[in-house]
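Take a look at the structure set out below.
Every number in this text was worked out from the coordinates using simple rules, so none of it is lab data. Quick caveat, the model's predicted, so the values are computed rather than measured. Glycine also receives a Cβ, built like all others from the backbone with ideal geometry; neighbour counts cover every protein chain displayed.
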Amino acid sequence: MAPRNRTSSRRPLWVIVLIAFVCAIVTGAYLYKPQHYTGCYLSNSCGSQPPLEPVRVYTDDEIAARAVMRDLVLSQPVQSKNPKIAFMFLTPSSLPFEKLWEKFFMGHEDRYTIYVHASREKTVHASPIFAGRDIRSEKVVWGTVTMIDAERRLLANALQDADNQHFVLLSESCVPLHNFDYVYSYLMETNISFVDSFDDPGPHGAGRYSEHMLPEIIKRDWRKGAQWFTVKRQHAVLILVDTLYYGKFKRYCKVHIS
């Protein structure tokens, strides 16, 4: 009987010790909150936050451009009872794959328009579908602003038709990979545009950047991309009405090779 009494008499003591231990941990955690140390070996200013980038004041031209762009993006696009896709061909001369494109377009005459910008030679069309589709063209030199000028010229002509709701810029070497119905449904059912963008540190990428483009164009935002795109109508209008950023690129976007 004696051992049994000693065991039962110790239980309250263990409970008290356990409660005291838990209370001590909770009290210590409350009184001595953990410190958040930064990697001092990476910086001379141990524990300091990196300075915030100052807010840039927009120029008058930039404020005007942003206001126009915002309203264009937020506004409802022109509604059409017969929406079409504008296929815009930027080519030096005749199109080598006209017969292939003819098969692509055949039977869908009410759902597409074609515009051809031939920069070097007068085109000789192998397909009647392309007859009379040429617009007034100027000479285009690869890697220069003349490529953008030709693109804007094509967009200006294509935007004259209110039924054109999507705009596709193509080169003479482009060929269709799917049938017309697939392409039409895919582009018309999406509400986004498709452009190319990637970081290129070389002379034809980041090497074209100039500090003269500041403050509107910052180097960390600089990207390169293939010219070919598909854009919705409101974005096509944005490209055409922009003079601020276009002017910066026209004056300063050059290849700088040391």
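Miscellaneous remarks
- Per principal axis, descending, Cα span of the stretch 60-252 in whole Å: 50, 38, 28
- The 3J(HN,Hα) values that the Karplus relation (6.51, -1.76, 1.60; θ = phi - 60°) gives for the stretch 150-158 are, in residue order, 5, 4, 5, 5, 5, 4, 4, 5, 5 Hz. Gly and Pro appear as x.
- Kirkwood-type radius of the stretch 165-258, with distances r between different C-alpha atoms, in Å: 15.5 Å
- Footprinting exposure proxy for Val140, Val57, Val68 (fewest neighbouring C-beta atoms within 10 Å first): Val57, Val68, Val140
- Inter-part distance where the stretch 80-140 and the stretch 216-243 are each reduced to a Cα centre, Å: 23 Å
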